[in-house]
Amino acid sequence: MRTDGLRTGDVVEVVVPADSAYVGVVRSLVAGVAARLDLDLDHVEDLRLAVSEAAALVLGATAGDDPTLRARATVAPGGLGITLAAPTNQQAPPSPSAFAWTVLEALTETVEADVSNGWLTVSLSVRGDVAATAG
């Protein structure tokens with residue numbers, strides 16, 4: 001274990017079955033990284049809720065016989081980027097007028113969604129007093 005903290009550019013990723021039963025694993029991953037970056041408790045809890053909403057958007061569009069949910073937390077200068085992705089048959093990302101999108105916009109700095117090569121990806125970012133060192 002490093003004692004100097006996470007560094008800008010560090011990536012933590014988990015792949016789980018695309019099932020709501022595993023969303024807690026993804027929330028724990030993101031909360032753990034956020035806590036290591038010295039985000040305050042309120043930011044960490046907001047991020048857990050945002051991950052739940054983003055997962056609901058992604059899981060609601062999954063396709064395939066045995067789909068997976070890929071979650072990635074990336075340490076960025078001054079914050080944290082989170083992406084959730086799963087295979088989909090949809091041709092377009094979720095509508096920004098959806099309630100979940102409104103929640104995500106309230107809890108994060110940025111929210112983006114994209115469908116590419118049969119995968120739906122929802123990306124979030126949060127800012128904070130990140131004590132990450134250049135990499």
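The values are calculated or read from the model by the stated rules, or taken from the named source; none is laboratory data. Note that this is a predicted model, so its numbers are computed, not measured. Glycine gets a Cβ as well: all are built from the backbone with ideal geometry, and neighbour counts include every protein chain shown. We work out accessible area using only protein heavy atoms, side chains counted, and drop any ligands, DNA or RNA first. Shrake-Rupley method; radii C 1.70, N 1.55, O 1.52, S 1.80 Å.
I'd like to check something: does segment 115-124 contain any residue that is more than 28 Å from Arg7 (Cβ to Cβ), of a type in the set (A, V, I, L, M, F, W, C), open to solvent by less than 80 Å² (accessible area, probe 1.4 Å) and part of a strand (DSSP E or B)?
First, pick out the residues of segment 115-124 that are more than 28 Å from Arg7 (Cβ to Cβ): 115-118, 120.
Still in the list and also of a type in the set (A, V, I, L, M, F, W, C): 115, 120.
From the residues that got through so far, the ones that are open to solvent by less than 80 Å² (accessible area, probe 1.4 Å) too are 115, 120.
Okay, now just the ones that are also part of a strand (DSSP E or B), so 115, 120.
The answer is yes, given that some residue of segment 115-124 is more than 28 Å from Arg7 (Cβ to Cβ), of a type in the set (A, V, I, L, M, F, W, C), open to solvent by less than 80 Å² (accessible area, probe 1.4 Å) and part of a strand (DSSP E or B).
Condition check: outside any strand (DSSP E or B) and polar (S, T, N, Q). Does Thr74 satisfy that? No; evaluated as a whole, the condition is false for this residue.
Considering only residues of segment 11-28 that are hydrophobic (A, V, I, L, M, F, W, C), open to solvent by less than 30 Å² (accessible area, probe 1.4 Å) and not in a strand (DSSP E or B), which is farthest from Asp66 (Cα to Cα)? Please lay out each step first, then the result.
First pass over segment 11-28, keeping only residues hydrophobic (A, V, I, L, M, F, W, C): 11-12, 14-16, 18, 21, 23, 25-26.
Then keep just the ones that are open to solvent by less than 30 Å² (accessible area, probe 1.4 Å); that gives 16, 18, 23, 26.
Then drop every residue that is not not in a strand (DSSP E or B), which leaves 18, 23, 26.
On the way: Ala18: 8, Val23: 16, Val26: 18 Å.
Selected residue: Val26.
Residue count for segment 87-113, restricted to those that are open to solvent by 80 Å² or more (accessible area, probe 1.4 Å), without any contact (Cβ under 8 Å) to a residue 24 or more places away in the chain and outside any helix (DSSP H, G or I): 3. Applying the condition of being over 16 Å from Leu124 (Cβ atoms) and part of a loop (DSSP other than H, G, I, E, B) to segment 37-66 and asking which residue is most open to solvent (accessible area, probe 1.4 Å) yields Asp65.
Looking at segment 1-29, which of the residues that are modelled with pLDDT under 95 and β-branched (Val, Ile, Thr) is nearest to Ala76 (Cα to Cα)? Selected residue: Thr8. State yes or no: is Ala34 open to solvent by less than 10 Å² (accessible area, probe 1.4 Å), touching a helix residue (DSSP H, G or I) at 6+ places or on another chain (Cβ under 7 Å), touching a residue at least 40 places away in the same chain (Cβ under 8 Å) and under 18 Å from Leu6 (Cα atoms)? Criteria met by Ala34.
Taking the options Leu69, Leu80, name whichever one is modelled with pLDDT of 95 or more, open to solvent by less than 60 Å² (accessible area, probe 1.4 Å) and either of a type in the set (Phe, Trp, Tyr) or outside any helix (DSSP H, G or I) (or both). Even if it seems obvious, please write down each step before you answer.
Details: Leu80 fails: modelled with pLDDT of 95 or more.
None of the other options fit; the residue is Leu69.
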